[in-house]
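Notes for the one structure printed next.
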Amino acid sequence: MLDSLQDGLRSAFKTLRGQGRLTESNMREGLKMVENALLEADVSYSVVKDFMKDVSDKAVGQDVLKSLKPEQQLVGIVQQALIDILGGDSDPALHLKPDVTVLMMCGLQGAGKTTTCGKLARLIGQEGKKALLVAADLQRPAAVQQLHIVGESVNTQVYSEEGASDPIAVCQNAVKHARDNGIDVVILDTAGRLAIDEELMNQLKTIDLKVQPDQVYLVVDGMTGQDAVNSAKAFNDALELDGVMMTKLDGDARGGALLSVKHVTGVPIKFIGVSEHMDGLEPFHPDRMASRILGMGDILSMFELAQREFDQEQVQKTQERLQKGQFTLDDFRKQLNQIARPGLMQKMLGLMPGMGELGKLLQGGDHEKEMRRLGGMIDSMTPDERANPKLIDNSRRQRIAKGSGVSPQEVNEMLKQFDSMATMMKGMAGGGMTGAMDMMRK
Ligand code: GDP
């Protein structure tokens with residue numbers, strides 16, 4: 001994510017590496033490079049100017065701490081400035097009401113609105129709440145059909161009216177349907193256009209007025225840079241947005257939109273789209289994103305992702321076993337099953353400090369296949385061998401290799417991987433979250 005911005009900032013910090021003291025001239029050089037990295041990431045000029053002023057003020061005001069190297073000092077200052085520009089302590093909670101909460105989703109065609117509606121419904125479902133998707137885009141005939149497909153893929157009911165031509169009536173009827181049927185959250189998928197025009201804005205304003213949604217969100221394409229910022233401005237002027245959901249940050253997005261939108265419009269980013277799959281929506285936290293941009297990883301998001309995506313009963317069982325100092329190949333096998341899902345492992349790696357590079361390497365490789373290969377070897381073992389891998393001698397190794405279509409060396413490799421994983425897992429079980437972080441820093 002935001003690779004070129006990350007690289008640019010990294011080179012800026014590198015200029016200060018190995019220098020003993022923070023001086024005005026080496027700081028100036030570092031700052032110039034930070035500025036260039038931001039401009040190259042397509043952050044708007046006025047935002048860069050404000051950002052650099054903030055960074056310079058902080059840098060000048062700061063005592064040169066003897067304990068910190070100049071590089072660390074600049075990283076710290078840039079980190080705080082990034083957090084501020086990304087929205088400070090704004091939080092992504094949806095603040096649902098006890099009865100029905102109505103969310104209105106707007107956006108230009110192709111921004112990812114319908115996809116994001118589905119992802120959001122999925123997250124709401126995971127919280128144990130019932131969502132209803134409403135097909136209020138009557139402009140494109142295929143839109144209603146598309147929402148039905150999305151709804152089905154996330155197990156969420158879709159409300160649509162055949163042959164309807166008035167989106168306002170559809171929204172009003174849908175809200176009534178939700179009240180009568182114990183739905184918690186109504187998500188209105190409104191019409192988009194290729195560009196902002198008066199007719200679209202008038203339609204959205206009328207829905208806003210007549211249906212009175214509790215919250216209005218704009219979905220913007222993070223790859224479109226300053227266009228995304230401009231459309232956020234226009235939509236906010238017309239609708240007073242509660243938040244922005246920025247999509248496609250998994251691609252080649254340079255980061256300009258991400259860094260500019262809050263500063264330019266005052267509207268916070270609430271969620272970000274990080275994959276085209278339905279599990280690719282993340283709550284947005286400025287502090288965690290700043291750490292990610294600076295390559296420090298985002299441990300909290302990784303744990304939350306694991307919590308959302310893994311079978312919690314299974315996790316609980318593994319934890320209990322780990323606390324007793326047990327982690328067997330059977331547990332390893334179950335974990336492989338959980339993680340061997342399209343895109344999941346890459347996402348986890350992307351959030352781990354220092355793992356960005358490894359994630360990139362894996363992008364080309366077929367790691368789901370790799371997981372299946374590892375799983376196949378474990379499947380070829382007897383229950384006794386799984387409980388106690390020390391039993392695996394040469395002849396057993398030959399048998400397992402034959403059974404799973406690999407070489408005996410591969411079986412050995414896998415057992416070694418299992419061994420180091422077991423050590424890490426036991427470390428995590430002992431120290432909880434802090435233990436896990438310590439393990440990852442090593
Ligand atoms: P709409 O016209 O705004 O409703 O846009 P769609 O929901 O139809 O999305 C347009 C395209 O963007 C589709 O191909 C989606 O799969 C893709 N898309 C949406 N969000 C993301 C995202 O976060 N990452 C990626 N890679 N693709 C996305």
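May I ask what percent, to the nearest 5, of DSSP beta bridges between residues of the chain are antiparallel?
Approximately 10 percent, going by the DSSP bridge assignments.
Please identify the trypsin sites (Lys or Arg not before Pro) of the range 279-326 that satisfy two criteria: DSSP loop assignment and at most 12 other Cβ atoms within 10 Å. Which are they?
Hits after loop and neighbour filter: K324.
Run the simple label-point estimate for H277 and H177 please: 7 Å along Cα→C-beta, distance reported in nm.
Output for this residue pair reads 3.0 nm.
Could you give me the ³J(HN,Hα) list for the range 91-101, computed from phi with Karplus coefficients 6.51, -1.76, 1.60 and θ = phi - 60°, whole Hz, x at Gly and Pro?
Once θ is set to phi - 60°, the couplings for the range 91-101 become 10, x, 4, 7, 6, 6, 7, x, 9, 9, 10 Hz.
Could you name the lysines in cross-link range of K58, using Cα to Cα under 21 Å and dropping any fewer than eight places away on the same chain?
Partners within reach: K14, K32, K49, K66, K69, K262.
Put a dot 7 Å past each Cα toward the Cβ at K416 and D393; how far apart are the dots in nm?
2.3 nm
List the relative contact order of the chain as a percent without decimals, with contacts defined as Cα pairs under 8 Å and 6+ residues apart.
So the answer I get is 16 percent.
With a cut-off of 11 Å, note down the residues of the range 94-114 whose backbone N falls inside the zone around a label point 7 Å from the Cα of N202 toward its beta carbon.
The answer is none, because no backbone nitrogen lies closer than 11 Å to the label point.
Please work out how much length the chain gains when fully extended from S407 to D214, using 0.36 nm per residue of separation minus the C-alpha to C-alpha distance, in nm with one decimal.
63.5 nm
Convex hull over the Cα atoms of the chain, averaged projected area in nm²?
24.9 nm²
Hey, what D do you get for the range 3-86 in µm²/s if you plug the Kirkwood alpha-carbon radius into Stokes-Einstein at 4 °C and 1.567 mPa s?
It comes out at roughly 102 µm²/s.
What FRET efficiency would be calculated for the residue pair F303, K324, taking the C-beta separation as r and a Förster radius of 30 Å, to the nearest 0.05?
Computed FRET efficiency for F303 and K324: 0.85.
Sort largest first and round to whole Å: the equivalent ellipsoid semi-axes of the range 282-341, each the square root of five times a Cα gyration tensor eigenvalue.
For the range 282-341, the ellipsoid semi-axes come out as 28, 12, 11 Å.
Can you list residues from other chains, or at least 5 along the same chain, whose modelled amide H is less than 5 Å from the amide H of G107?
V219
Expressed in whole Å with the largest first, what are the equivalent ellipsoid semi-axes of the range 101-296 derived from the C-alpha gyration tensor as the square root of 5 times each eigenvalue?
Over the Cα atoms of the range 101-296, the semi-axes work out to 26, 19, 15 Å.
Mind giving me the FRET efficiency for R341 and D89? R0 is 30 Å, r the Cβ-Cβ distance, nearest 0.05 is fine.
0.35
Step through the table entries K97/K248; K129/K205; K97/K130, compare each Cα-Cα distance with 18 Å, and write down the pairs that go over it.
K97/K248; K129/K205
Based on the mean of other Cβ atoms within 10 Å per residue, sort peptides 380-392, 119-131 so the most packed one is first.
119-131, 380-392
Where a number appears in this text, it was derived from the coordinates with a stated rule and is not lab data. As the structure is a computational prediction, the values presented were derived from the model and not from experiment. Every residue, glycine as well, gets a Cβ built from its backbone with ideal geometry; the counts of neighbours run over all protein chains shown.
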